[in-house]
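Notes follow once the structure below has been shown.
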Amino acid sequence: MSAATDGAVRGAEGALDPALPALAPALDDARLRGWAARHGVALPAGARVDRLRWKPGTSVRAAVDPGDGGPWWLLLGYGPGAWGKAGKDLRAAAGRPRAVDPAARAVLVPAAADRGLPALRRHADLAAARPLAHNPARRAVLAVGAAARGDGDGGLVAKVHADTATAARSVRAAALAARAGVAVPAARLRDAHVAEQELLAGAALDAGGTAVGDEVAGEVAGLLRGWWAADPADLPGLPVLAPAALAASVRAALTGPLALPAADLARARDLARRWQRAADRHPDVLAPRVPAHGDLSADQVLRAPDGRLVLLDLDRAAVAPAGWDAAGWRAAATAAVPAGEDVVGDVAGAVLPGPAPHPLLVAAAAALRLPEPFRRRRPDHTARAGALLALAGRALEEVPC
């Protein structure tokens with residue numbers, strides 16, 4: 001954990017949310033492992049929180065990656081007066097190991113017992129699948145089949161969603177993107193909550209922490225060119241990112257709970273006001289015009305063994321403002337820069353070839369990324385958030401008056 005994080009989070013964890021004692025182990029992996037051991041669960045030495053969902057004073061939900069390829073866990077914390085809700089989560093985990101701490105109003109249960117994802121318990125093969133990622137009460141990603149066990153080819157990736165709309169969107173968008181000439185995994189719905197796609201060999205562009213260079217960024221633009229050029233009228237069923245919804249998301253990201261130093265919190269609040277004023281002056285910029293991946297970053301693009309690129313994870317695909325993917329790629333590249341590297345301009349590979357996105361969109365994309373470093377428990381999350389705040393600030397300065 002960095003010195004910046006120490007000052008912003010660990011040293012102030014009591015002040016951060018004293019009503020949620022479970023937040024403390026969620027912010028410190030060693031503390032989490034010790035707490036779990038004292039309550040009957042031995043987590044592996046490499047276990048760490050990978051995804052944190054925090055509602056101040058109300059709840060904390062943290063997905064725990066064991067670090068050894070085994071089953072994931074969920075740390076669940078409840079606010080004052082809400083301890084009774086633990087009974088529902090424990091009943092969902094009936095017959096499984098768990099840790100229970102009434103004093104801290106916290107429980108640790110297997111991620112497969114996530115009450116927000118009942119489809120995990122509905123399908124027996126998913127209980128034995130290899131977890132790849134888990135976003136509490138939102139989505140679980142699992143490798144299923146022979147390839148997942150290392151026994152050969154033919155495996156699947158199952159994505160278990162909390163809502164049916166997202167599952168259907170991802171499958172529909174994959175089919176539409178393939179029709180537009182984009183290389184994507186073949187996908188289908190197993191049921192209303194579970195989308196399946198082929199498990200492809202290869203590695204994401206950000207695998208091993210390798211930075212994406214300008215040449216690879218050009219390849220990514222080439223991969224998506226047909227998608228961006230497609231006529232939305234020819235893509236029935238693709239959702240539309242409405243300007244009001246985008247503006248609401250930007251405001252929520254900049255004014256919601258952020259574990260940042262006071263000065264950065266003030267910057268975020270100020271950016272929210274400045275962004276809204278700029279959006280009011282340039283409403284046409286937010287008009288949805290072109291298909292977009294919606295969450296474009298290096299971890300959403302796979303390099304196959306034969307060298308080709310494949311686009312992954314179209315859960316947020318939509319008709320969006322022109323340049324939305326380019327803005328998102330730039331923000332994601334900025335957030336990926338490790339602490340200790342000053343980000344005063346664009347990093348290598350942060351800019352996709354083609355028309356530059358409107359600075360209002362760049363600021364919006366940076367704002368939407370702002371909570372992610374903390375939610376993903378990056379040890380240098382304050383530095384990464386600071387780089388995003390700087391990117392948003394520079395972009396807003398470029399918005400015409």
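The values are calculated or read from the model by the stated rules, or taken from the named source; none is laboratory data. Source: prediction; values computed, not measured. Here Cβ is always computed from backbone atoms with ideal geometry, including for glycine, and neighbour counts include all displayed protein chains. All accessible areas refer to the heavy atoms of the entire protein, side chains included, with ligands and DNA or RNA removed. Shrake-Rupley method; radii C 1.70, N 1.55, O 1.52, S 1.80 Å.
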When the charge dipole of the chain is computed with +1 on Lys and Arg Cβ and -1 on Asp and Glu Cβ about the Cα centre, the Cα farthest towards its positive end, among Leu199, Leu368, Ala127, belongs to Ala127
The stretch 289-330: relative contact order from alpha carbon pairs under 8 Å, six or more residues apart, as a whole percent, is 56 percent
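Can you give the calculated 222 nm mean residue ellipticity of the chain, where each DSSP H run of n ≥ 4 adds -39,500 (n - 2.57) and the sum is split over every residue, rounded to the nearest 500 deg cm²/dmol?
-11000 deg cm²/dmol
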HN-Hα couplings for the stretch 112-117 via Karplus (6.51, -1.76, 1.60; θ = phi - 60°), in whole Hz with x for Gly/Pro, come out as 5, 9, 3, 5, x, 10
Mean-square fluctuation maximum in Gaussian network of the chain, Cα pairs under 10 Å, restricted to Val144, Val250, Val216, hits Val216
The rounded separation in angstrom of the Cα centers of the stretch 235-299 and the stretch 110-146 is 30 Å
Once normalised by the length of the chain, the mean sequence separation of its alpha carbon contacts under 8 Å that are 6 or more apart gives a contact order in percent of 14 percent
In terms of the alpha carbon gyration tensor, root eigenvalues a ≥ b ≥ c, rounded if a/c is under 1.5 and otherwise prolate when a/b exceeds b/c or oblate, the stretch 217-355 is oblate
Quick note, the chain: a/c under 1.5 would make it rounded; otherwise a/b > b/c is prolate and the rest oblate (a ≥ b ≥ c, C-alpha gyration tensor); here it is oblate
Connecting every pair of Cα atoms under 10 Å apart in the chain and solving the GNM, the largest mean-square fluctuation among Ala195, Ala292, Ala248 falls on Ala248
Residue separation between Lys88 and Gln276 times 0.36 nm, minus their alpha-carbon distance, gives in nm 63.6 nm
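Classify the stretch 218-279 from the C-alpha gyration tensor, please: rounded if a/c falls under 1.5, else prolate or oblate depending on whether a/b exceeds b/c.
The shape class here is prolate.
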To the nearest 20 debye, the chain has a Cα-centred charge dipole, built from +1 on Lys and Arg Cβ and -1 on Asp and Glu Cβ, of 1540 debye
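With the other protein chains left in place, how much accessible area per residue, in square angstrom, belongs to the chain at a 1.4 angstrom probe?
42 Å²
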Share of accessible surface on carbon and sulfur in the chain, whole %, 1.4 Å probe and ligands ignored, is 55 percent
Ala266 and Val240 label points (each 7 Å along its Cα→Cβ direction) are spaced in nm at 4.2 nm
